[in-house]
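To start, the structure itself, in structure tokens.
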Amino acid sequence: MVRLVSGTETNKWLPPIYRKCTFPILRQPAKTHNDIVGSAFLLHYRKIPYVVTAKHVIDVVNPAIAFSKKDRQVLSVCTSALEQAGLKWIEHPADCDIAAIPFHLPLRIVNVLNIKLITEEKWIIQRKFKEGSWIAHLGFPDGGTSNFSDGSSSVFPQAMPGKIMKIMIGTRARFVMETAGTFGASGGPVFLREENNTFSLIGITIKETMLGKHTRPSEAEPLNKTTALPISLVKDIFESEEMVKQYENRVINEEWF
């Protein structure tokens, strides 16, 4: 595990509270941080919250989302538990590497979680960016988590800053960043640093490629090539007939969890 450094450069434009929107995805049975297979984040759309990740991240048996609680404990929610509520991961209709599931838990559980939603004004209009734009993506690379100041472990994600290297448009739109992203960062959100140190959500990380020798990610030099998809693609999932129907027919009680 690595300790997060307070007062990093990223925190000057991406408020630390927004790290509460990002969580690790773990294979089962999850025992340690080495079982982290990727990242996910909470996104709000038309009054419904969703958990979003890269599709390949959930290609394990019964993946679990690890939510941080206000008492510093971790709540692991398995896909099988969500299925009891009539919910499942929905993939992108054009086979893009994205998947989403409604964030639907009993209120008594939601109230003890230490989480934050990315609201629509931060992403609903796809912001313009260009090669050379400053960005940062959040996630859990190399199974890395962070520690609280007292040394106890947390599920607080790491920030991997860098720049956009290349933009590809068309039916397979995507962009490539130079960051410190490694395995485990896939599925995390990508934020654009805008003027006056404001920010917006512009993408989802789907692939990391090593450019040099293996190093642990840090708030230091960008080292690897990281590929992301435009965040606007998630609307295709949210508005799909399959997603709408399953949300309308979800189980609403306290027993399923």
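Quick notes on this one:
- Filter result for Val61 (surrounded by 14 or more Cβ atoms within 10 Å (Cβ to Cβ), closer than 15 Å to Ile25 by Cβ and not small (Gly, Ala, Ser)): no
- Candidate set: the stretch 235-251, residues that are hydrophobic (A, V, I, L, M, F, W, C) and within 21 Å of the chain's Cα centre (by Cα); chosen: the one nearest to His92 (Cα to Cα): Ile237
- Taken together, the residues in the stretch 220-233 that are among the hydrophobic types (A, V, I, L, M, F, W, C), surrounded by fewer than 22 Cβ atoms within 10 Å (Cβ to Cβ) and either in the same structural domain as His56 (by TED's automatic domain parsing) or modelled with pLDDT of 75 or more (or both) amount to 1.
- Residues (polar (S, T, N, Q), closer than 26 Å to Ile135 by Cα and in contact with a helix residue (DSSP H, G or I) (Cβ under 6 Å, 6 or more places away or on another chain)) located in the stretch 12-40: none
- Residue in the stretch 207-219 that is surrounded by fewer than 24 Cβ atoms within 10 Å (Cβ to Cβ), under 22 Å from Lys12 (Cα atoms), modelled with pLDDT of 85 or more and over 14 Å from the mean Cα position of the chain (by Cα) present: no
- Within the stretch 67-97, tally of residues that are in contact (Cβ under 8 Å) with a residue 60 or more places away in the chain and touching a Leu at 6+ places or on another chain (Cβ under 6 Å): 2
The values are calculated or read from the model by the stated rules, or taken from the named source; none is laboratory data. Computed from a prediction, not measured in an experiment: that's the story for all the values here. When we count neighbours, we look across all protein chains shown, and the Cβ atoms used for this are built from the backbone with ideal geometry, even at glycine.
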